[in-house]
Amino acid sequence: MLKILVALVLLAHGIGHVMGPLQVFKVATINPTWAGDSWVLTGVTGQSVGQAIGVVLWIAALIGFAALAGVVLGWLPAAWWAPLAIVASTLSLMGIALFPTAFPLMSTVGAVVVDIAVLASVLWFHWAPADIAA
């Protein structure tokens, strides 16, 4: 049961990254105060390139967290856990750092908490999905 809960949290976090592309492509208004700018990228690359970078980060994080859920459930190789967790969490945090106002505040806070928890579980606690009792 705990594996399912962990997998659901990872999957939900991954799916949450779709909010960025939905807003960039004007499918939905996730945060009406976000104009699509990155506080770092827009001045250097312009808004379109900055948004493209954001979309790539968010989609990669979405795929990464969905795959992590698959690892936890045993559908994908256990060896993928640590590298995938580090990459997916880092990409997610990069998206948040570059576009801190793209999502509503509580979504952003929740995402940071999950990203840091995943990184801590791998880098500090050396946790792996196999550590969950079946």
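The values are calculated or read from the model by the stated rules, or taken from the named source; none is laboratory data. Computed from a predicted structure; not experimentally measured. Here the Cβ is made from the backbone with ideal geometry for all residues, glycine too, and neighbour counts use every protein chain on show. Calculation scope for accessible area: heavy atoms of the full protein, side chains included, ligands and nucleic acids excluded. Shrake-Rupley method; radii C 1.70, N 1.55, O 1.52, S 1.80 Å.
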> Which of the residues belonging to region 103-134 are open to solvent by less than 40 Å² (accessible area, probe 1.4 Å) and either without any contact (Cβ under 8 Å) to a residue 60 or more places away in the chain or under 13 Å from the mean Cα position of the chain (by Cα) (or both)?
Replying inline: Phe103, Thr108, Gly110, Ala111, Val114, Asp115, Val118, Leu119, Ala120, Ser121, Val122, Ala128
>> Considering only residues that are at pLDDT below 95, open to solvent by 60 Å² or more (accessible area, probe 1.4 Å) and either of a type in the set (S, T, N, Q) or not in a loop (DSSP other than H, G, I, E, B) (or both), which ones fall in region 6-46?
In response: Thr29, Thr33, Gly43, Val44
> From the set of residues in region 70-102 that are touching a residue at least 12 places away in the same chain (Cβ under 8 Å) and not in a helix (DSSP H, G or I), which is surrounded by the most Cβ atoms within 10 Å (Cβ to Cβ)?
Replying inline: Phe99
>> For region 50-69, which positions are without any contact (Cβ under 8 Å) to a residue 40 or more places away in the chain and either out of contact with any Leu (no Cβ under 7 Å at 6 or more places or on another chain) or not hydrophobic (A, V, I, L, M, F, W, C) (or both)?
In response: Gln51, Ala52, Val55, Val56
> Residue check: is Gly54 modelled with pLDDT under 95, open to solvent by less than 30 Å² (accessible area, probe 1.4 Å) and more than 28 Å from Leu2 (Cβ to Cβ)?
Replying inline: no
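Got at least one residue in region 57-79 being more than 19 Å from Ile132 (Cβ to Cβ) and touching a Pro at 6+ places or on another chain (Cβ under 8 Å)? Give the derivation first.
Initial filter on region 57-79 (more than 19 Å from Ile132 (Cβ to Cβ)): 57-64.
Next, only the ones that are touching a Pro at 6+ places or on another chain (Cβ under 8 Å) stay: 58-59.
Yes, that holds for at least one residue.
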